[in-house]
Amino acid sequence: MTPIKGLVSLVLALAPALATAETVYKYQRPDGSTVYSDVLLRGAKLIGRFELVPVPPPAKGEPARRGRGAVTDPNEIARQRVQDLNAADAAIKAADQSLKEALERQQAGVEPQPGERLGIVGVGGRSRLTPDYFERQRALAAEVDAARARLDEAYRQRNQLRE
């Protein structure tokens, strides 16, 4: 970002607090750069015009709110956003750890436990696995799937907060 664009962005960001401009114009200069202004500019092509609508002040004794009861104080909004993102990151870490543990249990559970083999079959001394073994494998796989779903949901919620 060029210094001029940064300055213009800063001025536009602070403009509602410093001035009560009602119209903002978007221009394209002959060199192709875009400029926002609250006054008409000569030699630039008008691309858009935006009408600013002032936010009504809150009623006396009532905290400033917007949308679903959110506070409009910028510091409070930023603090809440950081807190929500930190909580989402913590949920991702916990879900990721849960998935790792479930995968380790699944890997460790591959070997049949005592009582999960049926007799010796054939000359080679092989045995068959019992239905209990396969039920345990399904439970371990379901645990891994549930942990993956929790991790996916944690990522989805964090991404939703980032929007």
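The values are calculated or read from the model by the stated rules, or taken from the named source; none is laboratory data. The shown structure was predicted, so the numbers you read here are calculated from the model rather than taken from an experiment. Please note: Cβ atoms are built from the backbone with ideal geometry, for glycine as well, and neighbour counts cover all protein chains shown. The protein model used for the area step is the full one, side chains on, heavy atoms only, and it has no ligands, DNA or RNA in it. Shrake-Rupley method; radii C 1.70, N 1.55, O 1.52, S 1.80 Å.
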Simple spin-label estimate for residue 35/residue 158, 7 Å along Cα→Cβ, in nm, reads 4.3
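What order do 136, 117 take when sorted by accessible area (1.4 Å probe), most exposed first?
Accessible-area ranking of 136, 117, largest first: 117, 136.
Net charge near residue 138: determine it from the other residues with C-beta under 12 Å of the C-beta of residue 138, scoring Lys and Arg +1 and Asp and Glu -1. Show your work: numbers first, answer last.
Working: positive: 136; negative: 132, 135, 143, 145.
Its environment carries a net charge of -3.
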Local charge sum around residue 50 (other residues, Cβ-Cβ under 11 Å, Lys/Arg +1, Asp/Glu -1)?
-1
